[in-house]
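The values are calculated or read from the model by the stated rules, or taken from the named source; none is laboratory data. Predicted, not measured: the structure shown is a model, and the values here were computed from it. Neighbour counts are summed over all protein chains in view; Cβ atoms, including those assigned to glycine, are modelled from backbone coordinates with ideal geometry.
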Amino acid sequence: MEIRNLKSFKSIIEEGSFLKAAKKLHYTQSTITSHIQQLEEELQVKLFEKIGRKMNLSSFGKKLLPYVEELLTTEEKIMQLSKNKNLIKGTLKIAMGDSLVTYEFQDILSQFKKKAPHVKLSILTVDIVTMRELLEKGDVDIGFLFEDQYKGNCLIDIPFKKFPLTLVGPKNSNILNLNFDLKDQDLDISFIINEFHSPYRKIFNNHLQEKNISLNSLIEIWSIEGIKRSVKNNLGITYLPKFVMEEELARKELVEIIASCSNNLVEGIYSYHKNKYITSPMKLFMELVDKKYNI
């Protein structure tokens with residue numbers, strides 16, 4: 001028994017005529033007639049009776065209709081089940097640094113939500129040490145961070161891009177005239193930076209040590225936006241990945257300070273536990289990252 005014949009039967013009843021059913025199903029009227037003839041031959045009974053110019057449902061047809069509706073509903077459920085097998089579902093827990101989630105990954109996050117709307121996405125913004133701990137315990141699926149000195153062997157690290165670092169200060173400030181490559185200095189300025197384990201914080205501290213430069217104070221703010229606002233308000237200098245300050249640099253709200261440490265790069269990596277099962281959400285997110293950065 002052909003499903004298409006049953007669909008034609010049901011459409012004739014819903015539309016009120018063979019012609020209207022044919023238009024709805026994009027068949028010719030003769031095709032619809034053929035479907036009904038085939039069904040009647042299989043069942044050995046008439047499904048419609050012609051009274052005058054009108055085709056009425058026969059008594060058998062009336063009894064058949066609820067079974068046809070039930071069968072077609074079941075057929076639709078089966079087809080939907082087949083379609084849903086490719087739907088990406090589940091959860092995805094990501095850990096990511098403040099700078100990456102705010103300035104670098106918004107496009108990927110947006111693409112992921114469009115491609116996998118049924119996935120429950122959780123994003124944690126944490127420091128590097130906490131991120132490594134979460135990854136080792138399996139409490140997050142993927143971590144996105146800047147390269148550090150971690151030497152563990154239970155995580156897989158995949159580099160995705162090298163980001164230039166730059167030293168900046170407020171516009172119209174005497175700070176801009178300072179020479180951060182001149183050795184043996186005591187400078188009456190503050191260094192504004194985020195977490196203690198930040199790799200670019202370490203890079204700049206190493207630069208200061210190599211040049212034997214001392215700064216007046218350290219202001220620790222765990223927010224990139226907070227750091228930038230503080231520098232703009234002449235509270236000190238900062239040393240960050242350039243991509244987080246592109247808008248402020250373009251508007252000349254922040255100004256780059258010429259120094260050899262501004263030639264350094266910091267590498268972005270994503271990391272996951274080597275024994276972690278790669279779920280469909282994980283796979284999709286990593287594919288989006290790989291595509292953006294041509295990995």
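One residue is enough: does the range 175-184 have a residue meeting the conditions acidic (Asp, Glu), surrounded by fewer than 15 Cβ atoms within 10 Å (Cβ to Cβ) and under 21 Å from residue 254 (Cα atoms)? Spell out how you get there, then give the answer.
Of all residues in the range 175-184, those acidic (Asp, Glu) come to 181, 184.
Retained after the next criterion (residues that are surrounded by fewer than 15 Cβ atoms within 10 Å (Cβ to Cβ)): 181, 184.
This time we only want the ones that are under 21 Å from residue 254 (Cα atoms), so: 181.
Taking every residue of the range 175-184 in turn, at least one turns out to be acidic (Asp, Glu), surrounded by fewer than 15 Cβ atoms within 10 Å (Cβ to Cβ) and under 21 Å from residue 254 (Cα atoms).
Scan the range 159-218 residue by residue and report those that are in contact with a Leu (Cβ under 9 Å, 6 or more places away or on another chain) and of a type in the set (Lys, Arg).
Once the filter is applied, which keeps residues that are in contact with a Leu (Cβ under 9 Å, 6 or more places away or on another chain) and of a type in the set (Lys, Arg), the range 159-218 yields 162, 171, 211.
List pairs: first in the range 72-84 and outside any helix (DSSP H, G or I), second modelled with pLDDT of 80 or more, Cβ under 6 Å, 6+ apart or cross-chain?
none
Out of 292, 242, 228, 283, report the one residue that is crowded, with 21+ Cβ neighbours inside 10 Å and among the basic types (Lys, Arg).
Of the residues listed, the single one that is crowded, with 21+ Cβ neighbours inside 10 Å and among the basic types (Lys, Arg) is 228.
Hey, can you tell me all the residues within the range 262-280 that are closer than 30 Å to residue 205 by Cβ and either surrounded by fewer than 16 Cβ atoms within 10 Å (Cβ to Cβ) or charged (D, E, K, R) (or both)?
263, 265, 267
Quick one: which of 162, 171, 211 is of a type in the set (Lys, Arg) and touching a Phe, Trp or Tyr at 6+ places or on another chain (Cβ under 8 Å)?
Result: 211 is the single residue among 162, 171, 211 that is of a type in the set (Lys, Arg) and touching a Phe, Trp or Tyr at 6+ places or on another chain (Cβ under 8 Å).
Against the conditions (1) closer than 27 Å to residue 172 by Cα; (2) out of contact with any helix residue (DSSP H, G or I) (no Cβ under 7 Å at 6 or more places or on another chain); (3) among the charged types (D, E, K, R), where does residue 228 fall short? Just the number, please.
Here residue 228 clears every test but (2).
Being part of a strand (DSSP E or B) and either over 30 Å from residue 285 (Cβ atoms) or under 47 Å from the mean Cα position of the chain (by Cα) (or both) is true for just one of 40, 69, 49. Which residue is that?
So the residue among 40, 69, 49 that is part of a strand (DSSP E or B) and either over 30 Å from residue 285 (Cβ atoms) or under 47 Å from the mean Cα position of the chain (by Cα) (or both) is 49.
What residue, of 63, 77, 120, 115, is within 30 Å of residue 197 (Cβ to Cβ) and surrounded by fewer than 18 Cβ atoms within 10 Å (Cβ to Cβ)?
120
Could you tell me how many of the residues in the range 246-277 are more than 22 Å from residue 96 (Cβ to Cβ), of a type in the set (Asp, Glu) and not in a strand (DSSP E or B)?
Count: 1.
Only one of these is surrounded by 18 or more Cβ atoms within 10 Å (Cβ to Cβ), among the aromatic types (Phe, Trp, Tyr) and under 31 Å from the mean Cα position of the chain (by Cα): 144, 196. Name it.
After applying the criteria, what remains is 144.
Of a type in the set (Phe, Trp, Tyr) and within 20 Å of residue 164 (Cβ to Cβ) - does that describe any residue in the range 219-227?
no
Kindly list the number of the only condition in (1) surrounded by fewer than 14 Cβ atoms within 10 Å (Cβ to Cβ); (2) under 34 Å from the mean Cα position of the chain (by Cα); (3) more than 26 Å from residue 106 (Cβ to Cβ) that fails for residue 250.
(3)
Of all residues in the range 37-59, how many are out of contact with any Asp or Glu (no Cβ under 8 Å at 6 or more places or on another chain), modelled with pLDDT of 90 or more and either surrounded by 15 or more Cβ atoms within 10 Å (Cβ to Cβ) or under 11 Å from residue 8 (Cβ atoms) (or both)?
Summing the residues that are out of contact with any Asp or Glu (no Cβ under 8 Å at 6 or more places or on another chain), modelled with pLDDT of 90 or more and either surrounded by 15 or more Cβ atoms within 10 Å (Cβ to Cβ) or under 11 Å from residue 8 (Cβ atoms) (or both) in the range 37-59 gives 1.
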